[in-house]
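Shown next, in structure tokens, is the structure this report addresses.
Each reported figure results from applying straightforward, stated rules to the coordinates on display, with no laboratory input. Keep in mind it's a predicted model, so treat the numbers as computed, not measured. Cβ coordinates were reconstructed from backbone atoms using ideal geometry, including for glycine residues, and neighbour counts include every protein chain displayed.
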Amino acid sequence: MAAEKGFEDFGDVFGEATPEWDSATATIAVVPLLPSLFYAHAPDPSRVEVLATDFHSFTFARVLTVHDLEDLRDDIGIGGSWSEFVDYFKSSLSSGGVKLILGGLQNVGSGNVHATLIALKSKGLPRISLSLNIVLNVPASDAMGTLSLALFRAFKRKESDAVKGFHIFLVFSYSEHQRSSQLMESLSSERLLIAVYDGEFEAADMTNQHVISFVNQEKNDNLQNQLDSLSFLSKRKASKPNLAVKASTASDVLLNNFETSDSGLQQPSDIAANKGPQVIKSSKRGALVSRRPRVRGVLLQDTEDDDDN
């Protein structure tokens with residue numbers, strides 16, 4: 001049973017218990033009650049130990065086994081799984097409304113005094129009621145020492161977790177602050193650039209030297225880009241007349257070459273004088289002359305007969 005139903009993940013539960021005398025003892029009680037602390041933990045997976053003490057007069061303790069908690073579960077009538085009941089047990093002890101009811105003889109040091117630890121998770125739900133036994137002398141000192149040491153270790157764990165969380169928070173806050181500063185600086189630079197371009201800002205009024213240098217650099221870059229574009233346009237305009245000059249020069253050269261070759265040719269009159277009279281072909285065609293139709297079947301005659309005639 002212990003192997004299946006245990007307290008491996010029970011952990012530590014600390015709390016303050018409000019001490020009260022029970023109704024039967026309250027009328028004759030003469031011992032004042034002091035604020036008390038309780039501590040529930042699992043020394044091993046098979047049992048849970050509950051301690052309660054005021055560090056002065058009364059110290060109580062009890063060890064609960066799995067069988068004891070099963071009986072408690074049956075008494076209060078909580079269903080569900082074992083793990084759900086253990087969670088309910090821990091939640092009830094951590095609720096903050098725990099009471100320590102003392103009964104028996106009111107004499108300090110009397111072994112007949114007993115206590116009941118009552119825990120209620122919330123109103124309307126079943127309450128946890130654990131009877132505790134008083135411990136005296138050395139066992140009482142051991143119980144108080146166990147509670148004190150466990151409380152100190154829990155405090156150190158909380159402190160370590162808090163330091164880690166605070167360190168993470170500082171790192172996150174610093175990174176967010178750096179990012180916010182960069183964004184604000186970038187926004188200020190953009191606004192200053194707009195003001196400079198609109199002629200509504202003087203550099204003498206600036207206090208942030210980094211922003212001043214940034215603005216000046218932006219202005220210089222823009223001016224340089226404008227100068228480069230103007231230089232490119234002037235080069236293009238200067239290159240067009242050169243092309244026209246080159247074209248006119250080429251045409252002049254061709255014209256001179258043509259005139260030179262033309263002067264080297266002979267005139268038609270010179271050619272006619274050198275070659276003498278020649279038949280000049282008319283460019284105009286003569287009128288068409290009708291041809292005589294050919295007569296087919298011509299009769300051939302012997303020439304000798306003609307001579308005889």
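Points to keep in mind about this one:
- Amide hydrogen neighbours beyond the local backbone of SER36, cut-off 5 Å, H modeled: ALA17
- Total formal charge among the other residues, if their Cβ is under 13 angstrom from that of VAL98, Lys/Arg +1 and Asp/Glu -1: +2
- In units of the rule-of-thumb radius 2.2 N^0.38 Å, the range 12-135 shows an alpha carbon radius of gyration of 1.06.
- Net charge contributed by nearby residues that have their C-beta within less than 13 Å of LYS156 (K/R +1, D/E -1): +1
- Residues in the range 93-102 carry Karplus couplings, in order, of 5, 9, 6, x, x, 7, 10, 10, 8, 9 Hz; the curve used is 6.51 cos²θ - 1.76 cosθ + 1.60 with θ = phi - 60°, and Gly or Pro positions show x.
- Under 5 Å, built H, 5+ apart or other chain: amide partners of PHE60: ALA52, THR53, VAL135
- Computed packing ranks the peptides 77-86, 54-63 as 54-63, 77-86, most packed first, by mean other Cβ atoms within 10 Å.
- Estimated vicinal HN-Hα couplings, Hz - the range 172-183 in sequence order (Karplus 6.51, -1.76, 1.60; Gly, Pro = x): 5, 5, 5, 5, 5, 5, 4, 5, 5, 5, 5, 5
- Amide H to amide H, with H built 1.01 Å from N, LEU132 comes under 5 Å of ALA115, THR116, LEU117, counting only residues 5 or more places away or on other chains.
- Sequence of ILE76, ILE168 once ranked by neighbouring C-beta atoms within 10 Å, starting from the fewest: ILE168, ILE76
- Computed E for ALA162/SER83 - FRET, C-beta separation, R0 30 angstrom, nearest 0.05: 0.55
- Across the range 160-167, rounded Karplus estimates of 3J(HN,Hα) from the backbone phi angles (6.51 cos²θ - 1.76 cosθ + 1.60, θ = phi - 60°) give 4, 5, 5, 5, 4, x, 5, 5 Hz, Gly and Pro being marked x.
- Under the simplified labelling scheme, the SER94-ASP68 pair shows an inter-label distance of 2.2 nm, with each label point 7 Å from Cα along Cα→Cβ.
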